[in-house]
Each structure stands twice: as structure tokens, then as C-alpha cells.
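Structure record follows, encoded as C-alpha cells.
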Amino acid sequence: MEFIINNRLWNVKFVNAASEKLHRSDGSLTVGVTDGNDNCVYLSDLLSGAFLKKVLCHELCHCFMMSYNISIPIEQEEFLADWISIYGEELIYLLDDLMSTMSREVQYG
């Protein structure tokens, strides 16, 4: 599965839950990793449903950071990615609702 962010091509690949691709830089095993060296998001093949959506959203935040050359301390980047994965969808839906209402108000005054 391919996607582009800021003209940078990325891939999403599901891998075995014990895959080396799911090891963080500190050696710990996780369920999702974004590798900026090969522009790939690796996800555990055990993920599904709402948790898959949350993990993918988290990893996409890393993709955006890398694609736009945004560099912040890893602790802050992890916090941001977690926040977006928890609240981002609600924020976007609210934004869409507000913009739709504003558009109607401007249009019909």
C-alpha cells in the first residue's frame, strides 16, 4: 500500500508480529514502526479494528514529521503522535462540521 506526503513516497507493510522490523531503536518490540530510511510503515499482522486505526494514525504522524523535515525531541514527537491518534479524528470531524456551518452562513447570510 503506497501513499505520498510532500512528494515523498511511503509504503505500509504488514509483517509478522515477531519481525525485526517491529523492533524500536532501543531493541524493544512494538506493534508499529515508521522507518524513514526505507520510507515504510511496518505494522504487526496481528493488528485489527480500532487498535489498527490508532496505531496507523500514530505512525502516519511520524511520516508527516519526516516528510516535512520537522525535527523535535523524540519524547515530544511520541506525545504528539499519541495525541493525534487519540483525538485527531474528533478534531477533523469538528473542523469539517464548523467549516460546513460557516460555509452555509456565508452563503445564506
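Quick check on F3: is it at pLDDT 95 or above, assigned to a strand (DSSP E or B) and open to solvent by 40 Å² or more (accessible area, probe 1.4 Å)? It is true that F3 is at pLDDT 95 or above, assigned to a strand (DSSP E or B) and open to solvent by 40 Å² or more (accessible area, probe 1.4 Å).
Residues that are over 15 Å from the mean Cα position of the chain (by Cα), at pLDDT below 95 and open to solvent by less than 60 Å² (accessible area, probe 1.4 Å) are absent from segment 7-18 altogether. Please go through segment 28-48 and give me each residue that is outside any strand (DSSP E or B) and surrounded by fewer than 16 Cβ atoms within 10 Å (Cβ to Cβ), ordered by number. Matches in segment 28-48: S28, T30, G36, N37, D38, D45, L46, S48. Annotation: A81 fulfils all but one of (1) surrounded by 17 or more Cβ atoms within 10 Å (Cβ to Cβ); (2) under 17 Å from N11 (Cα atoms); the unmet one is (2). Taking segment 57-78 as the range and being under 21 Å from L47 (Cα atoms) and surrounded by fewer than 17 Cβ atoms within 10 Å (Cβ to Cβ) as the test, only E78 passes. So for segment 66-76 (the condition being under 20 Å from L9 (Cα atoms) and in a helix (DSSP H, G or I)), does at least one residue qualify? Scanning segment 66-76 turns up at least one residue that is under 20 Å from L9 (Cα atoms) and in a helix (DSSP H, G or I). Of the set (1) outside any loop (DSSP other than H, G, I, E, B); (2) touching a Ser or Thr at 6+ places or on another chain (Cβ under 7 Å); (3) not β-branched (V, I, T), all apply to A17 but (1).
The values are calculated or read from the model by the stated rules, or taken from the named source; none is laboratory data. These numbers were taken from a predicted model, which means no experiment stands behind them. Cβ atoms come from the backbone with ideal geometry, glycine included; neighbour counts cover every protein chain shown. SASA here: full protein model, heavy atoms, side chains in, ligands and nucleic acids out. Shrake-Rupley method; radii C 1.70, N 1.55, O 1.52, S 1.80 Å.
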